[in-house]
Every structure is written in structure tokens, then in C-alpha cells.
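A quick write-up on the structure given underneath.
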Amino acid sequence: MSDNAVKERVQEIKSNLKKQQRQLLSRRFFSNKLMVIGSSIFILLVLFSLFGPLFMPYDPYEMKVVDRLLEPSTEHILGTDEYGRDLMTRIVYGARVSIGVGLAVTVISSILGLIIGLYASYYRILDNILMRICDGLMAIPGILLAIALMAALGPSPTNVIIALTIVFTPSIARIVRSSALVIREQTYIEAMHAQGASGFRIIWRHIAPNTLSPLIVQATFIFAEAIISEAALSFLGAGIPVPDPSWGNILQAGKLVIFKAWWMVVFPGLAIIISVLGLNLLGDGLRDLLDPHSSRRKSNLLRRKKRR
């Protein structure tokens, strides 16, 4: 057999293996109900926040005092607020703010947590310094730390992102560090040391890719927590400043008229619940998809319970 024939055969085998891997991943994805439901809700939320404002006939800032606190109707599907603004329009525009803040916090804290966790796991000196800082930040309840930071920085979307990034980065750093410590002791890492590979090469080419699975799973939960935290800060008046809409400050306005206008509390609350539920389901599904051992443990536990 010629060299060209061997190369073609090897390429064919590789392409078949990749095809089989894609098919296996696809079957595992669609067989995971949590993953399908969570990803569907998440995709719908993203589309809702991106394209929903294009179909809204009302201005989220336009006040019509004569239409204040109108009940849900064909003209105003979710009713109006205390200033006569269409509530559905406010919730749709608020989705951009709440989901945008949550996404920004998740991305930035994941990047910072990855960097801190990797270098803390590889260098002992940095480990003692960085992890003690993370321990100190994690010792303070997250919402209290966020409120203190917002009191110092002032209410604005950028400052909300900064405050929540400081709150959530330590937890991601500790998860990355715990995974990286296990990988650091593997034989192939010792072989790289023996070959004289630099620390930068070992960290980013051999350790970092193997920590992405737990990082991605944790990022989905951080996304959900960031949405809740932003809503809590805005509800307390320390987050997104009015009149900019966010789910939190819509709820804050609704609590003052809760007995007259129930829709001002129910609908933004449902938006928060659905988004957080979808992200949590997505996180659980990703954990089962990326870590088959966890799903096997769950199935074994269920079988034991059924036998009992």
C-alpha cells in the first residue's frame, strides 16, 4: 500500500471518528431533558432581550399619567406602571439590562477566576496570597459586599458589573484552582517539566483546557446568581438607576402599589424566575453532559432507591 493510500485511510478513519463523536454528543444532548429545556429557555431569553424591543409599540420612558396603573388589556397586555408606561415594554427593555449585566459579570469573572485559579495552583507563593484574598472576600455575604461596593462606586450599570464581578470571581477561582491542582500532579505534566517546558506553556496549553468543563458549568450558575443579585441591588436602590428599566427596579416600584397593581410585581418576578430556572437547568444539564460520571452516580442512586 502506497504512502498516499495510507494517508487517505488515516484521514478517513479520523473523519469517521469525528462524525461518530458528533453523533454521540448529539444523542447525549437530546436525551438529557434538563439540557434541552434549559438551553431552550436560555435561547428564548436571549432572543427576547435582543429582538423584543424591535416589536414594542411604546417608548419605555414615555409617561402618560392619565394611563397610570391600568390593568392588563388588549392595549397594554401586561398593564401600565405608576407613571402610565407600558409594563411589557419596560420588562422587555429591562431584559436587555438584566441579562446583559449577568452576561458581562459571568464572562469577566470567569476570565479573572480562570487566571487567578491557574496561577494560584501552579505557583505556591501566589497561592498563599491570592487564595487568602479570595477567602477574605468569600467570608463576606455576597449581597452585603455588593451593596458596600455600590455605595462606594455609585449606582450605574458599569459599577454593578464591577461590584458583582468582585463578588463572584473568588468562587470561580477556587473551583478552577481545585481542578488545576489535580491536573498539575498528572504524569504528563511532570514529563513537560522534565522536557524543560515553560510555566506559561504548561499552564495555558496543558492545564487550562482541562479546567474548562467545571468552569463552564459554574459559569451558568454564576449567570443566574448575577441576574438575581442585580435585581436585588436595583430593588434596594443601589443598582440600575431609574428611569432606566431593569427587572429589579420595576419590582421596587411595584412594591409600593402591590395591593392596587399586582401585575407590577407578578410579571417582572416571573421574568426573573423563568430566567434563573432556565439557567439552573442548563447548568445541571451541562454538568451531566460534560461529566458522565456524575450522571452515572445519579442513575445508580435512583436504582438503589427503587430497589429499596
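Coordinate-derived values only; no laboratory data. Quick caveat, the model's predicted, so the values are computed rather than measured. Note: ideal-geometry Cβ built from the backbone for every residue, glycine included; neighbour counts use all protein chains shown.
What angle do you read, to the nearest 10 degrees and between 0 and 90, between the alpha-carbon axis of helix 157-184 and the longest principal axis of the chain?
20 degrees
How big is the dipole moment of the chain about its Cα centre under a simple scheme where the beta carbon of each Lys and Arg is +1, that of each Asp and Glu is -1, and everything else is neutral? Debye, nearest 20, please.
With only Lys, Arg, Asp and Glu charged at Cβ, the dipole is about 1940 debye.
Would you work out which of 169, 88, 52 lies farthest towards the positive end of the dipole of the chain? Charges go on Cβ: Lys and Arg +1, Asp and Glu -1.
169
Provide 267, 51 in ascending order of the number of other Cβ atoms located within 10 Å of each residue's Cβ, fewest first.
51, 267
Considering only 19, 260, 33, give the residue with the highest GNM mean-square fluctuation for the chain, with springs between Cα atoms whenever their separation is below 10 Å.
With Cα springs under 10 Å in the chain, the top fluctuation among 19, 260, 33 is at 19.
Any chance you could count the Lys pairs in the chain whose alpha carbons are under 26 Å apart, treating pairs 8 or more apart or on different chains as valid?
10
Using only DSSP helix segments of four residues or longer, with each worth -39500 (n - 2.57), what per-residue ellipticity at 222 nm results for the chain after dividing by its residue count and rounding to 500?
-25000 deg cm²/dmol
Which percent of Cα-Cα pairs in segment 193-257 sits in each 5 Å bin, short to long?
4, 15, 15, 11, 9, 8, 8, 8, 8, 6, 4, 2, 1, 0
Could you work out which residue, out of 39, 31, 198, moves most in a Gaussian network model of the chain, that is, has the largest mean-square fluctuation with Cα springs under 10 Å?
198
Would you mind estimating how fast segment 33-307 diffuses translationally, via Stokes-Einstein at 10 °C and 1.306 mPa s with the Kirkwood radius over Cα pairs, in µm²/s?
Here the translational diffusion coefficient equals 77 µm²/s.
Calculate, in nm to one decimal, what residue 75 and residue 11 gain on full extension: separation in residues at 0.36 nm each, minus their alpha carbon distance.
Contour length minus Cα-Cα distance gives 16.9 nm.
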